[in-house]
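A short worksheet on the structure shown next.
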Amino acid sequence: EQVREELTMLSAKKVKEIRLLDRSFNLPPTRAVKLLQLFREEFPELNFHLEIHPEFLNSELCEELKKANFQQLHLEAGIQSFDQLVLNACGRGGNTDKAREGLIFLASCKNFDTHADLLAGLPEQNWQTLLNDIKSMLEIAPAEIQLEILKVLPGTELRAQAEELKIRYNPETPYEVLQTADLSVEELYKAAILSRMLDLFYNQKYLQEIFRKLAQNNEDFVEDFFAYLLEKDFTASFTASLRKRFLLLAEYIKKHCQEEGFSLAIQWLKAGLSTSDLPFYELEKLDALPCGFKLIEGQDLVKSKKNTRLWLLKNEDTAYVFAFNRAISMQFPCAMWI
């Protein structure tokens, strides 16, 4: 009742988003179910940012999450690591298999986004276990993967045990780990670069699908692409336009896996990048939509509107038609057929 009263007041004040500070919103699950029902039924105009522990998802809670209003929820899942030894060493414990199953369920739900967190610099964690964690995340494919360097905060158990665990950390804010018994200074610096790689490529919606495909088709992709980026002077503070990131991926694909070029070309056009310098393929300009094409995005009537430009992209197996009309969208395609 108190939550209902507070949300009623906040809604009346035109608040649009509520962030709950509870790090384990789904414990106890019976209360979480009641709150989710309250959000869905009585406050559909509000968005809720929740931190959820994927290990503790019972059937009732899963069913309620499936009913959530589209994009009303934004979930954050703090996995930290999939390695049981690592979690035991930092006192987190739990069951990594159950946490993995829970995250797989959350990532499969299409009515909300789930962002998953990993940490680098945990005790008993080495470079290979960190890479394995990233690969596991890519298999599960949450909406976003955040890799952060562990912070040894004052007043925590980890701070008290830091000397015993051979953890060296910055004594000033933000107290980030600098070195552990199993991760060198250089490896933790590389972990920061890995974090930037995930942020600029996986967490970009137009690049995520091709990034995932590359990882699925090559078990060494994370290491290979990371090494390729280092050759391009990629750093933890690297910045680049979306077009530049596409071109970096295109160059990697050209060297390692040409068959993924078609997927990259599709996403290039969906991102509204120039049709004149599309990597790998040349587009064919059409006067009309050919027979046998099925609409998969946008509105079909766009094809006959004034100033609509139709472009055909095809390989030996599949063909797409993209419609562009600046009166409807200045940059992005306004319809797509297959």
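According to the Cα gyration tensor, what semi-axes, each the square root of 5 times an eigenvalue, does the equivalent ellipsoid of segment 201-338 have, listed from largest to smallest in whole Å? Each step should come with its number before you reach the end.
Working: eigenvalues 186, 52, 28 Å².
Equivalent ellipsoid of segment 201-338: 30, 16, 12 Å, largest first.
Let me see the pair-distance distribution of the chain: every alpha carbon pair, 10 Å bin width, integer percents in order.
Computed distribution, short to long bins: 5, 21, 25, 26, 17, 6, 1, 0.
Which value, in Å² rounded to 10, gives the accessible area of ILE167 with a 1.4 Å probe and all protein chains present?
The accessible area of ILE167 comes to roughly 10 Å².
Within straight cross-link reach of LYS67, meaning Cα distance under 17 Å, which lysines are found once same-chain residues fewer than 8 apart are removed?
LYS34, LYS110
Of ASP317, ASP117, ASP300, which is the most mobile in a GNM of the chain whose springs link Cα atoms less than 10 angstrom apart?
Maximum among the listed residues: ASP317.
Given the options LEU286, LEU165, LEU138, which has the most mean-square fluctuation in a GNM of the chain, springs set between C-alpha atoms less than 10 angstrom apart?
Comparing LEU286, LEU165, LEU138 in a Gaussian network model of the chain, the most mobile one is LEU286.
What relative contact order, as a whole-number percentage, does segment 111-219 give when Cα pairs under 8 Å and 6 or more residues apart are counted?
On the way: 137 pairs, mean separation 32.5, N = 109.
Relative contact order here is 30 percent.
Just to verify a number: FRET efficiency for VAL15 and GLN71, C-beta to C-beta distance, R0 = 25 Å, to 0.05?
Details: r = 17 Å, r/R0 = 0.67.
Once the sixth-power term is evaluated, E becomes 0.90.
Taking a 28 Å limit on the Cα-Cα distance, which of the listed pairs LYS151/LYS270; LYS98/LYS213; LYS270/LYS306; LYS98/LYS151; LYS98/LYS232 fall beyond it?
Distance filter (> 28 Å) returns LYS151/LYS270; LYS98/LYS232.
Compactness ratio of segment 243-284: Cα Rg over 2.2 N^0.38 Å, N = residue count?
1.04
Given N residues in segment 225-306, what is its alpha carbon radius of gyration divided by 2.2 N^0.38 Å?
Output field value: 1.41.
Suppose each label sits 7 Å from its Cα in the direction of the beta carbon; what would the LEU27-PHE293 distance come out to in nanometres?
So the label points at LEU27 and PHE293 sit 5.4 nm apart.
Starting from the Cα of HIS49, step 7 Å along the direction of its Cβ; do the same at ASP233; then give the gap between the two resulting points in nm.
Simple spin-label model gives 3.5 nm for this pair.
Assign unit charges at the C-beta atoms only (+1 for Lys and Arg, -1 for Asp and Glu), then state the dipole size of the chain relative to its Cα centre in Debye, rounded to the nearest 20.
Values: 40 positive and 51 negative charges, 315 e Å.
With only Lys, Arg, Asp and Glu charged at Cβ, the dipole is about 1520 debye.
Using only DSSP helix segments of four residues or longer, with each worth -39500 (n - 2.57), what per-residue ellipticity at 222 nm results for the chain after dividing by its residue count and rounding to 500?
-12000 deg cm²/dmol
Under 12 Å from the Cα of LYS14, which aspartates and glutamates turn up, not counting those fewer than eight places away in the same chain?
Filter leaves GLU45.
Going from the alpha-carbon gyration tensor of segment 156-277, what semi-axes, largest first and in whole Å, does one get by taking the root of 5 times each eigenvalue? Write down the numbers at each step before the final one.
Working: eigenvalues 252, 44, 29 Å².
Sorted largest first and rounded, they come to 36, 15, 12 Å.
First measure r as the distance between the Cβ atoms of GLN2 and GLN161, then evaluate 1/(1 + (r/R0)^6) with R0 = 30 Å and state the FRET efficiency to the nearest 0.05.
0.20
For segment 1-93, what % of the accessible area comes from carbon and sulfur atoms, probe 1.4 Å?
Carbon and sulfur atoms account for 51 percent of the accessible area of segment 1-93.
With an 8 Å Cα cut-off and a minimum separation of 6 or more residues, compute the relative contact order for the chain in percent.
Across the chain, relative contact order equals 9 percent.
What FRET efficiency do you get for MET330 and GLU209 if R0 is 30 Å and r is their Cβ-Cβ distance, rounded to the nearest 0.05? If you can, show how the numbers build up before the last one.
Details: r = 24 Å, r/R0 = 0.79.
Computed FRET efficiency for MET330 and GLU209: 0.80.
How much of LEU283 can a 1.4 Å solvent probe reach, expressed as accessible area in Å² and rounded to 10?
Its accessible surface works out to 30 Å², give or take rounding.
Bin width 10 Å, origin at 0, all Cα-Cα pairs of segment 278-329: what percent of pairs per bin?
22, 58, 20, 1
Under 16 Å between alpha carbons, and skipping anything fewer than 8 positions from LYS244 in its own chain: which aspartates and glutamates qualify?
ASP199, GLU231, ASP233, ASP277
The values are calculated or read from the model by the stated rules, or taken from the named source; none is laboratory data. Because the structure is predicted, anything quoted here is derived from the model rather than measured. A quick note on method: Cβ atoms are made from the backbone with ideal geometry, for glycine too, and the neighbour counts reach across all protein chains shown. In case anyone asks, the SASA skips ligands and DNA or RNA and just uses the protein heavy atoms, side chains included. Shrake-Rupley method; radii C 1.70, N 1.55, O 1.52, S 1.80 Å.
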